Each structure stands twice: as structure tokens, then as C-alpha cells.
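Each remark here refers to the structure printed beneath this line.
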Amino acid sequence: MTTLTARLKDHRGPAYPLVMLVVFFVVPFVIMLSVSFFSRDEGAFFQPAFELSNYARFISPFFGKVLLTSLTFSAAAAIISVSVAVPFTYFVTRMRARWQSVMLVFLLSVLSLSEVIIGFAWSTLLSKTAGIGNLLVAIGLMEISQSFTPSLGALLLGLTYLGFPYAVLVLYPALSRLDPEIPEAARMLGASPIRSFVNVVMPMMRNTITGALILVFVFTLGAYLLPQVLGRPQHWTLSVHITDQAIFQSNLPFAAAMAIFLMLVSLALVGISTLLGRART
Amino acid sequence: MTQVQIENVTKKYGDFIAVDGVTVNISDGSFVCLLGPSGCGKTTLLRLIAGLEDLSGGSLSVGGVDYSKVPAHKREFGMVFQSLALFPHLTVAENIAYPLKIRGVNASNRRVRALELLDLVKLPDIADRQVHQLSGGQRQRVAIARGLAIDPKVFLLDEPLSALDANLREHLQIELRQLQKALGVTTIVVTHDQREAMSMADTVIVMKAGKVQQVGTPVEIYRNPANAFVANFIGVSNLLAGRLTGLAQFTFDGQVINLTPEDILHVQNGQAGTLSVRPEDIVVLPDPAQGQLSGQVSFIRDLGANVEILVRVGDIDIISICAPQSRPSVKMSDRVGLQILTGRATVLAA
């Protein structure tokens, strides 16, 4: 007869990821899910309850527009980051091994920058007094220096900057495994270098590119600081409103409801794009 | 006319010289093998011809036109890569028709041409398969068909058969040769397998350390190697280091070998040299007093199709190969004589 501890020992290996998942994902998620149905108590945060009013409040033209804004910005950031990252990574994988590691280390160091630093660094760079406006004046491209922030362009730039290293890290392994003779074969068959990249390399990388798009999309969806630092109030994303509700309005149930909603919508979008990708192969 | 002229072509990577002043003339419609050990520069030379690498020096002309600066995708060459480099996201027919698509051929004509090429490589009925569903030999043929799709000026193949098992490889060597004959396309194949080169090529170019060692027909190179490297690389050769001591006498290990007027001498009388003789051109005689050389049998092995006898002379083992029916009646440790067949010895520069 095996004792309980012995049986647990047998399952130690496989149990580890399960325990991690439950402790660090399922438990917090269940807490958040329950809070989203609680009622708000002005004096003491929230009261256990089961009401749908938090979700009901969200279903409004205002939040609908905010949700749409969030999704559009993240989608745009994902598309721009990945479009830049695909050729970038391709050229990195064509470099000598030593230069490849230099590039990757540099890129990883960018990852160590928090959203706060990235946000304020760009806001300084795009400012009127200390920014690249002065540089443009110096080289004669502009008459007087001007500020480029806050603006939609500045926000998208920041989000792209945030997502770019992740896109590269997703693309790098697949692109470095690509047989170098494949693009060469395309060239021998008459394709120019650009054409061989578009016709052959890109389609072969389709699943990886989809993966990179999804990662950057989901990742930038959570950016709550960049829209406030680099964007105007109309550019505030759902994440900004969630932060606002949770921290400044102390309305955790509503913030939780919005977070759940955002998660469900992004899960649905990722699911649809994965299904579409599979249907085409 | 797609004669390929390679003039003093050089390729350097930093201090390393991969191809060192190669000059070769490849005539229209011929089948040429670049043969050599790994790292001898044969693949680099092929890539230079393809335009995948830039020349560090020299020039390349095709059909009398300078191609030194023509980019790879404008050369109108066909190429089969070592990895084959078939496109996994396209079907077999789409792979073959890809160069036609680039040239703006419409879909139905592309399809017709792809099917025609699949017939040519004896693979009908697989047009709509995915590349990953094919066997090694089928992939090989598809890659060849794709390389031939545009009727290339020059057809280049980089170790095309190296990934296949021995039987299939021999089979495809013959097929490739027949295909090339039928189409008459100037073909250059890189290989490290001398048997492969001998069975396919009109002309073999033997390379070592970036330099051409010898250019000739397979038989010329086999019968009359230019130096000891070629003699040893192409097939098996007995190499006897000694000295030419008379008008037709070669001294090896204190024994004088009388040469015949038909033997080929690359050195002058009195000079040191290496006598090269093929195992099938040297006969073991039971009587040590007969023949040009004597020694002691050190090993005999019967491989069925032929018999190998190793005879110790001085500090080397001379290999003799004969058919089982003409096997001499000798056994291990016997003193025996060795006779070189008339005209089959070559004395190379030492």
C-alpha cells in the first residue's frame, strides 16, 4: 500500500508547474474575478456580494470607445514593432556569431528598462526644450524647435519601443534556424533579395510572426503609463482607466470588472487569430 | 553558347585564401565535376560562379559575356543546393514553378511546365504533394527539376547526392548524367566523392587548398595523375618514393624497377620521384625472382568480387588487386615477385 507522501513523491515533477500555476495565477485570478462581482463600499474598499452592476457600468459608449482605442493602439504597436523587427532580426541572424550576441545583449538591456523610464525618456526626447526638435533645427530641417509630445505618434512610438525587443526575441530563434540556402535558392531562381525575403522567408516564418504579433499586442495592452505620459486624455487606454479606478478612485470592483473584460476580449482576439492561422495551413 | 571561362579567380576571407588564382575553361554542354577534399575551395568556387559570393580577383565570363558583376538573380543559372533548399510552404509543383512565377509566366503555363519537368525527373503524380511528404530521393529530383525549370544557361549542383544512401546515389548519378546529356546544359557539380566524379563527368577538376591540381577526363586523371595528391585522392594508388636512376630505371628501397617506354615520367634522370601505380595494374607472381620487385605477402583478403594482396616492400605495403579467377597461388608470409603492367606506371615529381 502506498502512502500519500509516497504517491506525492511520484508526482512531484509534474505537480510543480501545476502548483506554480495555481498559486501565482489561478488564486489571484479567482480573487480578481470575485472582487469584480463585489459591491463598492466608499468607506472600506468593497463588500462581498454578487452583483453585475460593475459589468453593467462598463457597457457604455464611453468605455466601448476606450476599449476600441486600447485594442487599436496595441494592434498598431504590434504591427509596427513586428514589421520593424522581422527585417532587423533577419539581418542580425546573418551577422557573425559575436556580433549577434552583442546585438542581443544590447536588446536584453533595453528589456531591463521599466515602462516608467521608457515613458519619461521619450517624453524628454520629444520635448521642445531638450528634444530632437533642437537637432532638427540644427541640421536645418526645422525653423524653430517644437514639442512632439503628447500626441498619438509619440504614444505609438513609445508602445512600439516597448514591444520591439519582445518581437525580436520571439523571431530570433526561428530566423536563426532558417537554412541560409533557402533565400539563396530563391535568388538563384531569379528573385531579388527583397523578393526572396517577402516570397520565401516571410511565409516560412508565418507562425512565428503571428506569435510575435500576439505577444506584443497582449503586452502593450497592459501599458498604463505610456498613454498618460506620451498621449492626450483621448488616447487613454483601458489600462489607464483600470489604474485610475483601482488606485485613484479606490473602486476595485469596477477595476476588476474592466480587467476581466479586457482579458476576455484579448483572449478572444488571440484565439480568433490563432484559428485563422491554423485554417490557412 | 554557354562556355564558362574562369580567369585567375580568387576569393579571400580576411587572410584566408579560399580560392587561389583558378583558371579553367568549361566548354559548352559539358559536365564538369569539381573534386577535392573538404575545405579545398570547391564549394566556394561554385558559389563564385553562381554569384552568391563576390570575386576578390579575376574574372568570370559566360558565353563570352563578363559575368563578374552580374547579381545571382540575374544570371539565369540553375542551382541545386546541398540542403536542397526546397521551399516548405509551397507544393512540389509550386516549388518547381517558382522561377517561372517570378518571370511572369501565367498559372496554367507554369503548371504545364512543372508537370513536364516532373515527368523528366521520373516523378509524375506528385505535383500537389507537400515537400515534407517526399522521400530523400524524391526531394532530390524535385530540386533538380526546379533548377532546370528556366532552361538555365549553366546548371550548378553543390554535393547534390551526399545525403542519399549509396544505392540511390549511384542510381541518381546515372540518371543525372543521362538527363544532362539529353538537355545538353553546361553542368558543374561539386563533389568530394571521386567515384561520383568519375561516373558522371566529362571533365574532372581536382582541387586542393584553393588551387587546381589537375584538369582532365576521368580516365586521364586516373591513368595519368599530375601529382601524388591527385594519384592518392582519385582511387587507391601505390606511391613508391625513390629516384629515377637510369633512362628507364626507378630505384625504390634498393631495388631497381625497369620501366617501359610506355610509362609516363614527370621527372628527369637522377631526380627523386614518386612512382605511382594502381592496385589493379600490379600483379603478384609466386616466384620472387620474377617481376620488377620482390617482397613478402603481409595480408590477403578475398572480397568476393576481387582479391586484395598486400605485399611488404621496404616500409610500405603495396596493394595488388586481382579477380578471384586470376588469384596467384600465394599465401601469407610468402616471398613473391611484383610485376607492373606495361605502361601503367607514372613517375611523379617527389
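Numbers at a glance
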{"quantity": "Within region B:106-139, tally of residues that are within 14 Å of another protein chain (Cβ to nearest Cβ) and either in contact with a Pro (Cβ under 9 Å, 6 or more places away or on another chain) or in contact (Cβ under 8 Å) with a residue 60 or more places away in the chain (or both)", "calculated": "3"}
{"quantity": "Among (1) within 11 Å of chain A (Cβ to nearest Cβ); (2) of a type in the set (S, T, Y); (3) touching a Leu at 6+ places or on another chain (Cβ under 7 Å), the one test that B:S83 misses", "calculated": "(3)"}
{"quantity": "Test: residue in region B:267-282 that is of a type in the set (G, A, S), out of contact with any strand residue (DSSP E or B) (no Cβ under 7 Å at 6 or more places or on another chain) and modelled with pLDDT of 90 or more", "calculated": "no"}
{"quantity": "Scope region A:21-55; condition modelled with pLDDT of 90 or more and surrounded by fewer than 11 Cβ atoms within 10 Å (Cβ to Cβ); matching residues", "calculated": "A:V23, A:F24, A:F25, A:P28"}
{"quantity": "Matching residues, region B:153-167, being assigned to a helix (DSSP H, G or I) and either of a type in the set (S, T, N, Q) or in contact with a Ser or Thr (Cβ under 9 Å, 6 or more places away or on another chain) (or both)", "calculated": "B:N167"}
{"quantity": "Residue in region B:167-174 that is away from chain A (no Cβ under 14 Å) and under 28 Å from A:G277 (Cα atoms) present", "calculated": "no"}
{"quantity": "Test: residue in region B:50-61 that is under 21 Å from B:L179 (Cβ atoms) and more than 14 Å from chain A (Cβ to nearest Cβ)", "calculated": "no"}
{"quantity": "Failed criterion for B:I96 (all others in (1) surrounded by fewer than 20 Cβ atoms within 10 Å (Cβ to Cβ); (2) within 22 Å of B:R177 (Cβ to Cβ) hold)", "calculated": "(1)"}
{"quantity": "B:I102 within 20 Å of A:V201 (Cβ to Cβ), out of contact with any Leu (no Cβ under 6 Å at 6 or more places or on another chain) and within 12 Å of another protein chain (Cβ to nearest Cβ)", "calculated": "yes"}
{"quantity": "Listing of strands (runs of 3 or more DSSP E) fully contained in region B:1-62 that carry 2 or more residues being of a type in the set (G, A, S) and within 22 Å of B:H73 (Cβ to Cβ)", "calculated": "B:57-62"}
{"quantity": "Candidates B:L172, B:L161, B:L123, B:L157 - the one that is buried (at least 19 other Cβ atoms within 10 Å of the Cβ) and in contact with a strand residue (DSSP E or B) (Cβ under 7 Å, 6 or more places away or on another chain)", "calculated": "B:L157"}
{"quantity": "Unmet criterion (only one of (1) over 23 Å from the mean Cα position of the chain (by Cα); (2) in a helix (DSSP H, G or I)) for A:F50", "calculated": "(2)"}
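The values are calculated or read from the model by the stated rules, or taken from the named source; none is laboratory data. Please read these numbers as outputs of a predicted model, since none were measured by experiment. All Cβ positions, glycine included, derive from the backbone under ideal geometry; neighbour counts span all protein chains shown.
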